[in-house]
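The values are calculated or read from the model by the stated rules, or taken from the named source; none is laboratory data. Note that the structure is a prediction, hence the values are computed from the model and not measured. Every residue, glycine among them, receives a Cβ derived from its backbone with ideal geometry; neighbour counts consider all protein chains shown.
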Amino acid sequence: MKKLISLLFLVSIILTSCSAEGVTSTAEVNSTQSSSETPAPEMTLDATSRLGVNEEALNGLEIKVWTPWYGVESSLFDSLVKEFNSQNEWGIIVTAQSQVNFTNLYESVTASLPTLEKPDIAIALPEHALGWNADGVLTDLTPYVDDPKYGIDSSDIPFAFWSQDITSEARVGIPAQRTAQFLLWNETWAGELGFASSPGTSDDFKQQACGAHQSMLKDASAENDFAGGWIVDTEPMTAYAWLLAFQGGIVEGDGYRFLTPNNIDAFKFLRELSETSCAWQATTTLPSNAFANRQALFITASLEDLPDVARAFASSNNNDQWKVIPFPGETIVVYGSSYVILESTDEEQLASWLFVRWLLDNKQDARWVETTHLFPIHTSTVDLLGDYKQTHPQWAQAIELLPLGELQPQAASWRTVKVMLGDGFTHLYRVNVPSGQVAAILAQMESLARDLND
């Protein structure tokens, strides 16, 4: 029977992994400095390129870019493509095609690899890029980054962004978009409950979440007696952040390990929060609305969610001060998409790189922030976003937390393992698994992760 349950769980995970993926460590990063594989090149106007391509050969080259975006992101990208085509000095022509989401993009690019229809550039998740790199179809971008004439200064890119796309052999991508998972905390309400500062440890978090729940039991309404603390969120990045918050993790060597004492402590802590009603599941209301209506002291959110939360507070006429804070233990997980360049001719690869380099310019970087509300790729881009910082204070708080950023696992198998992590975490709540059984769940997750990594 145990083998049958495990098989059914695995089949469910694999099927789930075919669904659309969101915007998404082998090392625990706690550095405030940026990093690159080699020192940044000193670029001068008369520098000589080491790439061996005659610029005249770039004139008229058509570069195909496949994106995962639709709506405002796709519209902005199309506008940027038009600007580049009309302004670039080399006569490069870029065409863009939306694949609607990351799953469709991954499948479409993978299917196109043996054909002449494959794109020159794809905006993909790093785990997708690692899979393609293993198949030998990506361009190592290290020579382009370090080129004296066409390179970039990577010291202006945060470490947690820049380090995600490298392997021991190559740089498989360049950061395109980056976001992170955070806790949101109602500072005003917490102060009324007697808490003067945001929680720095898991014990602090529990005390505040349970304090908020107890306040619900003391009011005149019985309808909110289950609420007050943290709204359970079973997204993979939330589960991963909680594991890291307990000094746990899932990576061991080239594989995965879930069943560790720290991971058990993390999942047991979270399950016990629910067993004591200090954490609850919002089934009839959006977490942002519950947060704005003082039904939850904490919720989890990513950068792109912050405008919705601000609107929820405005709609509720709630003037409470709320903040973006890290998970206990000073932890945030950074993730997002990257520019990858597929192998083609030297001329097409350089043309592709020049378009990517243009997209990374501070001016374009700032426009992406104002449209998507995500992190700027360059630290210096913040200087162009003074007005945005003033009108988006929680975004500014998130920027200050970037030195705490942790990487995702750097493995192609993370594409499916992260879905399994989210499904396993959901399983804890869906069937009300007792906290004493979390070790068994982690053991099953570890076994499945190893199967998915083969």
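One line per residue, one yes/no per condition, for (1) assigned by TED's automatic domain parsing to the domain that holds residue 443; (2) buried (at least 16 other Cβ atoms within 10 Å of the Cβ); (3) touching a strand residue (DSSP E or B) at 6+ places or on another chain (Cβ under 9 Å); (4) assigned to a helix (DSSP H, G or I):
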residue: 234; (1), (2), (3), (4): yes, yes, no, no
residue: 265; (1), (2), (3), (4): yes, yes, no, yes
residue: 269; (1), (2), (3), (4): yes, yes, no, yes
residue: 277; (1), (2), (3), (4): yes, yes, yes, no
residue: 283; (1), (2), (3), (4): yes, no, no, no
residue: 291; (1), (2), (3), (4): yes, yes, yes, yes
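Enumerate the pairs (first residue in the stretch 196-224 and farther than 18 Å from residue 269 by Cβ; second residue anywhere and of a type in the set (Gly, Ala, Ser) and crowded, with 20+ Cβ neighbours inside 10 Å) with beta-carbon separation below 7 Å, excluding pairs fewer than 6 apart on the same chain, so at least 6 apart or on different chains.
215/228; 216/227; 216/228
Quickly run through the stretch 205-226 and pick out the residues that are in a helix (DSSP H, G or I) and hydrophobic (A, V, I, L, M, F, W, C).
Within the stretch 205-226, 205, 209, 210, 212, 216, 217 meet the criteria.
Kindly indicate whether residue 98 is farther than 24 Å from residue 49 by Cβ, among the hydroxyl-bearing types (Ser, Thr, Tyr), crowded, with 16+ Cβ neighbours inside 10 Å and within 22 Å of the chain's Cα centre (by Cα).
yes
Here's a check for you: in the stretch 45-95, which residue that is of a type in the set (D, E, K, R) and in a helix (DSSP H, G or I) is farthest from the chain's Cα centre (by Cα)?
56
For the stretch 125-197, please list each of the helices (runs of 4 or more DSSP H) lying entirely inside it that holds at least 3 residues being more than 30 Å from residue 292 (Cβ to Cβ).
Filter on the stretch 125-197 gives 126-134, 142-145, 159-162.
May I ask you to verify whether residue 110 is at pLDDT 95 or above and not basic (Lys, Arg)?
Criteria met by residue 110.
Hey, can you tell me all the residues within the stretch 187-224 that are surrounded by 12 or more Cβ atoms within 10 Å (Cβ to Cβ), hydroxyl-bearing (Ser, Thr, Tyr) and either closer than 19 Å to residue 282 by Cβ or at pLDDT below 95 (or both)?
215
For the stretch 412-431, which positions are assigned to a helix (DSSP H, G or I) and out of contact with any helix residue (DSSP H, G or I) (no Cβ under 7 Å at 6 or more places or on another chain)?
426, 430
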